[in-house]
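In what follows, a structure is listed as structure tokens, so that the remarks can point back to it.
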Amino acid sequence: MADQIPSELVLEILPFLPWDSLINTASTSRRFRALSRSFLFAHLDVRPYVIDYMQNCLAAPPAKKARAIQEKIAFFASPFIAPLVRSLNISAEEDSSKRGIITHIIEFSALDGTHVVLDYLLERLSSFVSLKKFIAAQVGFTLPAMHHLSQIANGLSLRLFSCYLRSGSRAYSPLFESMKLKKLEIDNAPSTEAAIWFHMMQAEHLEKLVFDFKDLKHVHFLLPNLRVLSLDLNPHCLAVDVPRLAQFSTIEVFSFYFKSNLDIFAILGGVGPMNPTPALLASPTPFPNLVDLTGPTELLPIFSRASTLRHLDTGRDPKSAREFSAIFRRAKLATNLTRLTLELILAKTPVADLHALLNTQFPVLEQLVLLPAVSYVEVQSPATVRKTIIPFYSFISNALPRSLLLLEITAEVFHPKADGKRPAADAHAIVPQILRDSVLKKCPKLKRMNVEGPGFALIWETDVYAGVLETNKIERGTT
């Protein structure tokens, strides 16, 4: 029967299978082995270090384990397997006896041989001619390693977290004029080293850039093909940095964050959240072709003037529906948004206010993601549940626009295993089946619904091919 499944369908399914399932599939027949082969070796994960919790540093693995890792690398780097590898992930080993990994460790043991496994891998990088994604966490790069990386970095997506240049970093720059990266993401790195990485490749090929910079002065601006940009902006430098963003005129997807908790309103002129300095307001919108915007609402008036804007995510910036409505009106936000993400303070958001916001300002909205800002204490309070949570879920359908195709309401506090907490008993007055039916009645075009509430998770979607109900799942948890 398996032989009757078209190969095209099998190739669509195989990328989603875990490693064990791929092995079982490849063992089924010669045909499935041939189809599975490219997926079995598509991803290579290497853990060149172990965490020494006593010394709070990264050290070389034990000799026996190091040899085993090197044998694995040699196998993947062999002539018949290396062309199949499309993704490489390098990170420190996670100690199963500990909870998680100490992600802030960037110190390495001073003992000889600490980097022996990593260097063994990096010496063979040029073998992976089909590599498309390179992810490294807490890795130190040598000059030879950078040279090998530059040999395969054509259309590569490169992501670095807590990485550094091990020696002579300034000498790396001249070697990489031929490096053609498609995506570059650098997190938790000194800005001087991140700038070196940035200047080591041909910027004109870059399509996506994610930088953990607090000051844009390190960024090279000749990026004619850049479409996606994500930055951590420095509140102290907004007056200078925001006008600089205008040089990224091709940006279509932009996300920004403020790492500092300083009062940015004072930076903007000290006249309130919706009144940036006149100089900033007078400047043209930095991205005339912007389609997707993610970030706090403080700078919304500057970025929302793009007539092409269709998707807005206000970030983790909880407000009431009435506050959002006032912000959007003052920002003159276009009414033709098709996707909107809001974090709502339920205690300050009557359903009537949400209805006014969504139906008046966004009549053609197709995708809505709501993140209820509710604490564990509020979920366990009978009074809060009766006055806030039950009314919100019971009447949310009244607030939704009829044009909606996707609805998501998610909150960590409502996760079935969230902190082992149980909601107040009154929360079970919410009947997911009634909620589902009322939403479907109000939004006849809806294709997918994912709603998490106190003690339940509601998932509903239609099959886009057959047009029939595919998933209708309601789970009652014990949160």
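The values are calculated or read from the model by the stated rules, or taken from the named source; none is laboratory data. Given the structure is predicted, the values throughout are model-derived calculations rather than measurements. Cβ atoms come from the backbone with ideal geometry, glycine included; neighbour counts cover every protein chain shown.
Overview of results
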{"quantity": "Qualifying residue in the stretch 290-307 (condition: at pLDDT below 75, exposed (fewer than 15 other Cβ atoms within 10 Å of the Cβ) and not assigned by TED's automatic domain parsing to the domain that holds I345)", "calculated": "no"}
{"quantity": "Search result, residues across the stretch 54-82 that are surrounded by 15 or more Cβ atoms within 10 Å (Cβ to Cβ) and under 16 Å from S126 (Cβ atoms)", "calculated": "I73, F76, A77, I81, A82"}
{"quantity": "So P401, is it surrounded by 22 or more Cβ atoms within 10 Å (Cβ to Cβ) and assigned by TED's automatic domain parsing to the domain that holds L440", "calculated": "no"}
{"quantity": "Residues (closer than 25 Å to V117 by Cα and without any contact (Cβ under 8 Å) to a residue 12 or more places away in the chain) located in the stretch 29-59", "calculated": "M54"}
{"quantity": "Any hit, the stretch 159-169, residues being assigned to a loop (DSSP other than H, G, I, E, B), at pLDDT 65 or above and under 28 Å from P15 (Cβ atoms)", "calculated": "yes"}
{"quantity": "Given (1) buried (at least 17 other Cβ atoms within 10 Å of the Cβ); (2) closer than 21 Å to L231 by Cα; (3) touching a strand residue (DSSP E or B) at 6+ places or on another chain (Cβ under 8 Å), index of the condition F324 fails", "calculated": "(2)"}
{"quantity": "Filter result for A34 (within 18 Å of I81 (Cα to Cα) and exposed (fewer than 13 other Cβ atoms within 10 Å of the Cβ))", "calculated": "yes"}
{"quantity": "Counted residues, the stretch 358-378 - those being surrounded by fewer than 16 Cβ atoms within 10 Å (Cβ to Cβ) and modelled with pLDDT of 90 or more", "calculated": "1"}
{"quantity": "Residue within the stretch 345-357 that is surrounded by fewer than 18 Cβ atoms within 10 Å (Cβ to Cβ), in contact (Cβ under 8 Å) with a residue 40 or more places away in the chain and polar (S, T, N, Q) present", "calculated": "no"}
{"quantity": "Hey, L337 among the aliphatic types (A, V, I, L, M), part of a loop (DSSP other than H, G, I, E, B), closer than 20 Å to V253 by Cβ and out of contact with any Ser or Thr (no Cβ under 9 Å at 6 or more places or on another chain) or not", "calculated": "yes"}
